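Take a look at the structure set out below.
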Amino acid sequence: PNAPVNVRSLTEILTHPDIGGFFEKDVRQVINPDSQELCEAIDGLFFNRTRDDLVLLYFNGHAIRDDSGKFYFATSKTLTSPEGKLRKSTVVSAGFLHDVMNDCRSKQQIIILECCFGGAFAKGLDITMRGRVILTSSASTQYTICSLDSSHSQKIAPSLYTNYLIEGIATGAADQNCDGMISMDELHDYINEK
């Protein structure tokens, strides 16, 4: 239930002229896509970029690992067989995103994953590439906490991870060395500390 709120809240911060500085035309929200829509959105994000472009992908939703441990992004139409086997035509594999990232000319790629098993995403990906950063809300074997305690409120709040992601950027609290800029390391440390 938090995903649409998370996406909208992060978009507000990214497009704020004094905080994120992204142009609204350059930020695309894709909420509850099927596998084809998600593939097209990912491909469109990384396609035809220049070396100096900054590409940021934020995924908030379900992720699944199959019996062999391969990582997949679930979609609004993800299916399993009656025996519980994953119908792979209804998910997007980490391998697809790896390929699109590797084909992209941009040397500044940020992937933020708020999903279960997020740490498993990087398996098989060159994460040592300069300018490539991957932040995940969970390790390869961990589940992600969905929401803050909203039992006293009818309003759906951003999830725990995204709440601190946004807080660290919006308030500047993640700027640990007080240089007016928030590095990805500083943001990661701030979220982990919280």
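The values are calculated or read from the model by the stated rules, or taken from the named source; none is laboratory data. Only a predicted model underlies this, so the values are computations on that prediction, with no experimental measurement involved. Backbone-built Cβ (ideal geometry, glycine too); neighbour counts: all protein chains shown. Just so you know, the surface numbers come from the protein's heavy atoms only, side chains and all, with ligands and any DNA or RNA stripped out. Shrake-Rupley method; radii C 1.70, N 1.55, O 1.52, S 1.80 Å.
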>> With the crude spin-label approximation of a point 7 Å out along Cα→Cβ, what separation in nm comes out for residue 179 versus residue 28?
In response: 3.3 nm
> Using 1/(1 + (r/R0)^6) with R0 = 30 angstrom and r between the beta carbons of residue 12 and residue 52, what's the FRET efficiency to the nearest 0.05?
Replying inline: 0.75
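For the stretch 1-125, what number of Lys pairs, 8 or more residues apart or on separate chains, have alpha-carbon atoms under 14 Å from each other?
Summing the qualifying lysine pairs gives 4.
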> Tell me, what ³J(HN,Hα) does each residue in the stretch 173-188 have, in order and in whole Hz, if you take phi through Karplus 6.51 cos²θ - 1.76 cosθ + 1.60 with θ = phi - 60° and put x for Gly and Pro?
Replying inline: 5, 7, 6, 5, 9, 6, 9, x, 10, 10, 6, 5, 5, 5, 5, 4
>> Suppose the chain between residue 128 and residue 41 were pulled fully straight at 0.36 nm per residue; how much longer would it get relative to their current alpha carbon spacing?
In response: 28.8 nm
> In terms of modelled amide H atoms, which long-range or inter-chain residues lie less than 5 Å from the amide H of residue 112?
Replying inline: 57, 58, 59, 135
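Counting heavy atoms of the protein chains only and a 1.4 Å probe, report the per residue accessible area for the chain as a whole number of Å².
With all protein chains present, the chain gives 59 Å² per residue.
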> Across the chain, where is the longest run that never hits chymotrypsin sites (Phe, Trp or Tyr not before Pro) in a DSSP loop with at most 16 other C-beta atoms within 10 Å?
Replying inline: 48-142
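Exactly which trypsin sites (Lys or Arg not before Pro) in the stretch 37-112 are in a DSSP loop and have at most 10 other Cβ atoms within 10 Å? Show your work: numbers first, answer last.
On the way: sites: 49, 51, 65, 70, 77, 85, 87, 88, 105, 107; in loops: 49, 51, 70, 77, 85, 87, 105, 107.
Those that pass, being in a loop and sparsely packed, are 51.
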> What share of the DSSP beta bridges in the chain is antiparallel, in percent to the nearest 5?
Replying inline: 35 percent
>> Give me a comma-separated list of calculated 3J(HN,Hα) values for the stretch 22-31, in order, Karplus coefficients 6.51, -1.76, 1.60 applied at θ = phi - 60°, integers in Hz, x for any Gly or Pro.
In response: 6, 6, 4, 5, 9, 10, 10, 9, 10, 10
>> Viscosity 1.306 mPa s, temperature 10 °C: what is the translational diffusion coefficient of the stretch 10-92 from Stokes-Einstein with a Kirkwood Rh over Cα pairs, rounded to a whole number of µm²/s?
In response: 108 µm²/s
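Please report the equivalent ellipsoid semi-axes of the chain, computed as sqrt(5 x eigenvalue) of the Cα gyration tensor, largest first, in whole Å. Don't jump to the answer; show the numbers that get you there.
Numbers: eigenvalues 132, 91, 53 Å².
Whole-Å semi-axes of the equivalent ellipsoid: 26, 21, 16.
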> GluC sites (Glu not before Pro), restricted to the stretch 1-96: which are DSSP loop and have at most 11 other Cβ atoms within 10 Å?
Replying inline: 83
